[in-house]
Amino acid sequence: MKKGDFKALPPHQIISYARSIVDFILEKANSHIFHVVSHLDADGLAAAGVVLKTLRRLGARFHARIVHQLSERVITSLSKSGVFIFTDLGSGQLSLINKFFNENVVIIDHHPPESENKENFLHFNPHFFGLDGGTEISSAGMAYLVSREIDDANRDLAALAVVGGLGDRQDKGEGRRLTGLNAEIVSEATESGVIEEVKDLIFFGRETRPIPVALEYTMDPFIPGLSGDHAACVKFLVERVKIPLRSGDRWRTLSELSQDEKSRLVSELVKYMLGPGGMSASEAQSIIGTVYVLTREPLGTPMRDSREFAFLLNACGRTRKTGLGLAICMGDRRISGEAIKVAGEYRAKLAEYLKWLEKDKVKVKGDICWFNGEHYIDDRMVGTVTSILSSSRPYQDKVIVGFAYSEEEAAVKVSTRLGAEVKKEVNLGELMRYVINKMGLSFVAGGHDLAAGAYIPAGREEELIEHLSAELGSRKN
Ligand code: C5P
């Protein structure tokens, strides 16, 4: 395949815009320091990883900053000179960026843009090319489109592009496949031998881990009552699936199960997810699908499975170990033991938060269900918890709102998600911006159709619920 030769469309425009960013970067590479500012989730870290690796290969000087949100506080704390590359953020904060910068800004993002582009910024966003940034390409994917135009040798970075897309749950195609430009990137990566697609159970560690551990570690989908709980996984496998977990003195792995054993495991698991797990039918089905194996990563490491890699990055980003996550993206494998430990702690924390929510912490008001994690739930993890609730049966037809107190912003972090089965058209990003505005707040809010976030002053949580509920009600009519 030649450079720019994508089957999905519109390649000429998107690739030619990527080339204008390449020209800009090459022009500044020897004279300027690059400040890469990115979002702390898996896609943000992967996008920053693509850009930083590309800059390193060019011999350019760079500095990275990973943040939860591009707020005024963050912008004013940045260096006053150099080139600024914003990844996985910026499109929703154009007016803020515009207030502080006149030039030397590149935005590579997939969130819906706040407005039309300003001519003085290079702003690379799939929405400008008629593509859906929610499902067809991630920020890491957009960064990859730039990187591969700099040098064919950068095509190995397609692995990070896929990790970013999966981190943002863009695997919405049949059998959990990536679609759109993501799929084009996958086929490019398959051709160059970086990725292999396999249809299997989406367990973390299918090839190498003892089955109860693989089940316990599985976080996408998160299975309430099993994910993160080793003892519960062993009990489930022994009592319900009734498969021998050991072969002599060795633990068996998923790949060693006979067809019959695997079918029993799938059927019991689906029954569990639909029953005690309280998951939606579509979420239960998502336990089987396309696994994207990163073939250059050693067998038995979490980086070998793109979804587990994404989970690891999310864990690092959301537990304030952003340097660790970036180092993993940059290819440093000496610290992978430390990252694995962080992922374990993150998994346990998520399981603990979900147990806490079971104690009648989730309230329902009309089309909305909401919880307030106050100081108990970490503000960087409230989004993940809200996402998990959005696919659980009692809440799948609601808008889910999670709150948690943020020390850093001295405000309340709000995360909203559209339930998996909500039928009506709601664009949460737009809705949040509208409501925050209506409440007279100047805080930044934004996001996509299915997920949005914001900060609000403490004490105004219930007022936000009232406004959201009224707005949703009036849009229904
Ligand atoms: O923070 P949270 O995970 O709830 O955000 C949901 C989605 O909304 C994320 O994709 C995030 O990047 C986006 N977002 C945004 N602008 C904000 C807050 C969140 O684009 N101000």
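Among (1) in contact with a helix residue (DSSP H, G or I) (Cβ under 8 Å, 6 or more places away or on another chain); (2) open to solvent by 10 Å² or more (accessible area, probe 1.4 Å); (3) β-branched (Val, Ile, Thr), which single condition is Val422 missing?
(1)
Is it fair to say Asn98 is in contact (Cβ under 8 Å) with a residue 24 or more places away in the chain, away from the ligand (no atom under 13 Å from the Cβ) and not β-branched (Val, Ile, Thr)?
Values: in contact (Cβ under 8 Å) with a residue 24 or more places away in the chain: no; away from the ligand (no atom under 13 Å from the Cβ): yes; not β-branched (Val, Ile, Thr): yes.
Here the answer is no, as Asn98 does not meet what is asked.
Select from region 436-446 the residues that are within 13 Å of the ligand (Cβ to nearest atom) and not small (Gly, Ala, Ser) and write down the one among them that is surrounded by the most Cβ atoms within 10 Å (Cβ to Cβ).
Ile436
Quick check: anything in region 279-294 among the hydrophobic types (A, V, I, L, M, F, W, C), open to solvent by less than 20 Å² (accessible area, probe 1.4 Å) and either within 29 Å of Tyr405 (Cα to Cα) or within 16 Å of the ligand (Cβ to nearest atom) (or both)?
Among the residues of region 279-294, at least one is among the hydrophobic types (A, V, I, L, M, F, W, C), open to solvent by less than 20 Å² (accessible area, probe 1.4 Å) and either within 29 Å of Tyr405 (Cα to Cα) or within 16 Å of the ligand (Cβ to nearest atom) (or both), which makes the answer yes.
Select from region 224-258 the residues that are out of contact with any strand residue (DSSP E or B) (no Cβ under 6 Å at 6 or more places or on another chain) and hydroxyl-bearing (Ser, Thr, Tyr) and write down the one among them that is least open to solvent (accessible area, probe 1.4 Å).
Thr253
Quick check, is Ser95 of a type in the set (Gly, Ala, Ser), outside the structural domain of Leu431 (by TED's automatic domain parsing) and at pLDDT 95 or above? Step through it out loud before you land on a result.
On the way: of a type in the set (Gly, Ala, Ser): yes; outside the structural domain of Leu431 (by TED's automatic domain parsing): yes; at pLDDT 95 or above: no.
For Ser95, the condition - of a type in the set (Gly, Ala, Ser), outside the structural domain of Leu431 (by TED's automatic domain parsing) and at pLDDT 95 or above - is not met.
Would you mind stating whether Leu312 is open to solvent by less than 20 Å² (accessible area, probe 1.4 Å), under 17 Å from the mean Cα position of the chain (by Cα), under 30 Å from Gly193 (Cα atoms) and not hydroxyl-bearing (Ser, Thr, Tyr)?
So Leu312 fits the description; yes.
Looking only at region 176-196, count every residue that is open to solvent by less than 20 Å² (accessible area, probe 1.4 Å) and closer than 22 Å to Ile107 by Cα and tell me the total.
Of the residues in that region, 3 qualify.
Can you say whether Asp449 is closer than 25 Å to Glu283 by Cβ, open to solvent by 20 Å² or more (accessible area, probe 1.4 Å), within 12 Å of the ligand (Cβ to nearest atom) and not in a helix (DSSP H, G or I), as far as the supplied structure shows?
For Asp449, the condition - closer than 25 Å to Glu283 by Cβ, open to solvent by 20 Å² or more (accessible area, probe 1.4 Å), within 12 Å of the ligand (Cβ to nearest atom) and not in a helix (DSSP H, G or I) - is met.
Which numbered condition trips up Val426, out of (1) touching a residue at least 40 places away in the same chain (Cβ under 8 Å); (2) within 13 Å of the ligand (Cβ to nearest atom)?
Only one criterion in (1) touching a residue at least 40 places away in the same chain (Cβ under 8 Å); (2) within 13 Å of the ligand (Cβ to nearest atom) is unmet by Val426, namely (2).
If we scan region 122-145, do we find a residue that is buried (at least 22 other Cβ atoms within 10 Å of the Cβ), within 16 Å of the ligand (Cβ to nearest atom) and at pLDDT below 90?
no
Report, by residue number, each residue of region 148-179 that is under 15 Å from Asp43 (Cβ atoms) and either touching a strand residue (DSSP E or B) at 6+ places or on another chain (Cβ under 6 Å) or in a helix (DSSP H, G or I) (or both).
Leu157, Ala158, Ala159, Leu160, Ala161, Val162, Val163, Gly164, Gly165, Leu166, Gly167
Name the one entry in Ala470, Ala458, Ala420 that is assigned to a helix (DSSP H, G or I) and away from the ligand (no atom under 15 Å from the Cβ).
Just a single option satisfies the conditions, and that option is Ala470.
Here's the yes/no breakdown for (1) out of contact with any His (no Cβ under 9 Å at 6 or more places or on another chain); (2) surrounded by fewer than 24 Cβ atoms within 10 Å (Cβ to Cβ):
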position	(1), (2)
Ser31	yes, yes
Ser38	yes, no
Val50	yes, no
Phe62	no, yes
Arg65	no, yes
Glu72	yes, yes
Leu78	no, yes
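Just checking, which of Leu324, Leu269, Leu299 is touching a Cys at 6+ places or on another chain (Cβ under 6 Å) and assigned by TED's automatic domain parsing to the domain that holds Leu215? First the steps, then the outcome.
Working: Leu269 fails: touching a Cys at 6+ places or on another chain (Cβ under 6 Å); Leu299 fails: touching a Cys at 6+ places or on another chain (Cβ under 6 Å).
Just one listed residue meets the conditions, Leu324.
Please work out if Asp220 is modelled with pLDDT under 95 and crowded, with 19+ Cβ neighbours inside 10 Å.
In short, yes.
Being over 24 Å from Gly300 (Cβ atoms), of a type in the set (A, V, I, L, M, F, W, C) and surrounded by 24 or more Cβ atoms within 10 Å (Cβ to Cβ), is that true of even one residue in region 153-175?
No, region 153-175 has no match at all.
If you check Ala411, Ala404, which single one turns out to be of a type in the set (A, V, I, L, M) and either within 11 Å of the ligand (Cβ to nearest atom) or touching a residue at least 60 places away in the same chain (Cβ under 8 Å) (or both)?
Ala404
Tally up the residues in region 335-350 that are among the hydrophobic types (A, V, I, L, M, F, W, C) and open to solvent by less than 20 Å² (accessible area, probe 1.4 Å), please.
Number of matching residues: 4.
Could you list, in sequence order, all residues of region 356-409 that are open to solvent by 10 Å² or more (accessible area, probe 1.4 Å), touching a helix residue (DSSP H, G or I) at 6+ places or on another chain (Cβ under 6 Å) and in a loop (DSSP other than H, G, I, E, B)?
Gly366, Asp367, Arg380, Ser391
The values are calculated or read from the model by the stated rules, or taken from the named source; none is laboratory data. It should be emphasised that the depicted structure is a prediction, and the values quoted were computed from it without experimental measurement. Because the Cβ atoms are built from the backbone with ideal geometry, glycine has one as well, and the counts that use them run over all protein chains shown. Surface areas here come from the heavy atoms of the whole protein model, side chains and all, with no ligands, DNA or RNA. Shrake-Rupley method; radii C 1.70, N 1.55, O 1.52, S 1.80 Å.
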